[in-house]
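Taking it in order: structure first as structure tokens, then the write-up.
The values are calculated or read from the model by the stated rules, or taken from the named source; none is laboratory data. Bear in mind that the values here come from a model prediction, so they are computed numbers and not experimental data. Neighbour counts run over all protein chains shown; Cβ positions are idealised from the backbone, glycine included.
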Amino acid sequence: MRIITGDECGILKESIPEVSRVSADGKDAKLSASTDGVSRIELGAEMKMSRSRGIVDLAFSQKQSSALKEDAGSLSFCALRSDGSLDHFEGYAPYNSKEDRICGGTYRLSNTIKNVFEDKESPSEPKRIIGRPIGMCSAYQYQNLSNETPHNILACCTSMGYISVVNANSNEKGVVAQYNAYSNGNNSSIITYTGGNIVNRDIATAMAMSDDASKIVVGGRERTATMLDTETGLRTWKVSILA
């Protein structure tokens, strides 16, 4: 098993629990921290620790397969950072044998979008208040391989409900759509979503995506949830005081 994690300083690590385990009948057979089987994914002078680039969320993206047998160990995932940047990583982590499963994988940064929440429609307008990034989701909870990738979509969201949609099949094209879960306009600086039209800049706390990538749900404070159509951005469903 491999666990990929990111911390508040922006460091990505791969952990292999099997390497860290001790013998059940050994003197040191107790729960304790271990550095065995833990390695940094990002290496190089450009990868520096910084809280401004802390990891907010990680999500798998679907990797296209080929006729190569080695593709069975391929990985593709994205990391959303606190400064709004989105990094796309590709790697190889073999798992066919026991030896493979305890061997560290190899990863590389294939593409970066500097700020997924940058206003694409009105770049000359005054800078809008978008809040902080709160999460990212994709239609894939597990890494899988396929030549059919019509719904290889990633969605990123801020605490103000701003949503940016990225096509993971062509990350180099950047953001393909931007929506707002709470306001009709994409440049509003206040939220009128809740009763009383209270100015609130930190409503959204979580998001999810349907398994066919056609719907995005944003929820959070005030026990509310809103569903949007991924293709059009239209709000198709809303529930308040969600138990």
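Residues Val166, Val116: which one is crowded, with 20+ Cβ neighbours inside 10 Å, modelled with pLDDT of 90 or more, in a loop (DSSP other than H, G, I, E, B) and touching a strand residue (DSSP E or B) at 6+ places or on another chain (Cβ under 8 Å)? Spell out the reasoning first.
Details: Val166 fails: in a loop (DSSP other than H, G, I, E, B).
Sole residue among the options that is crowded, with 20+ Cβ neighbours inside 10 Å, modelled with pLDDT of 90 or more, in a loop (DSSP other than H, G, I, E, B) and touching a strand residue (DSSP E or B) at 6+ places or on another chain (Cβ under 8 Å): Val116.
Anything in the range 1-51 that is over 21 Å from Gly91 (Cα atoms) and modelled with pLDDT of 90 or more? List them, or say none.
Glu8, Cys9
Mind listing just one residue for me: the one in the range 53-89 that is among the charged types (D, E, K, R) and modelled with pLDDT under 90 and, of those, surrounded by the most Cβ atoms within 10 Å (Cβ to Cβ)? Working first, answer last.
Quick first cut of the range 53-89, residues among the charged types (D, E, K, R) only: 53, 57, 63, 69-71, 81, 83, 87.
Then keep just the ones that are modelled with pLDDT under 90; that gives 63, 69-71.
On the way: Lys63: 21, Lys69: 8, Glu70: 9, Asp71: 13.
If we take residues in the range 53-89 being among the charged types (D, E, K, R) and modelled with pLDDT under 90, then Lys63 is surrounded by the most Cβ atoms within 10 Å (Cβ to Cβ).
Is at least one residue of the range 92-109 among the polar types (S, T, N, Q), crowded, with 16+ Cβ neighbours inside 10 Å, more than 21 Å from Lys238 (Cα to Cα) and at pLDDT 80 or above? Reasoning before the result, please.
Step one: list which residues in the range 92-109 are among the polar types (S, T, N, Q), which gives 96-97, 106.
Now restrict to residues that are crowded, with 16+ Cβ neighbours inside 10 Å: none.
Among the residues of the range 92-109, not one is among the polar types (S, T, N, Q), crowded, with 16+ Cβ neighbours inside 10 Å, more than 21 Å from Lys238 (Cα to Cα) and at pLDDT 80 or above, which makes the answer no.
Identify, please: which residue in the range 201-214 is of a type outside the set (A, V, I, L, M, F, W, C) and under 16 Å from the mean Cα position of the chain (by Cα) and is, among those, surrounded by the fewest Cβ atoms within 10 Å (Cβ to Cβ)? Walk me through it before giving the result.
Just the residues of the range 201-214 that are of a type outside the set (A, V, I, L, M, F, W, C), to begin with: 201-202, 205, 210-212, 214.
Applying the additional criterion that residues be under 16 Å from the mean Cα position of the chain (by Cα) yields 205, 210-211.
On the way: Thr205: 13, Ser210: 14, Asp211: 10.
It comes out as Asp211.
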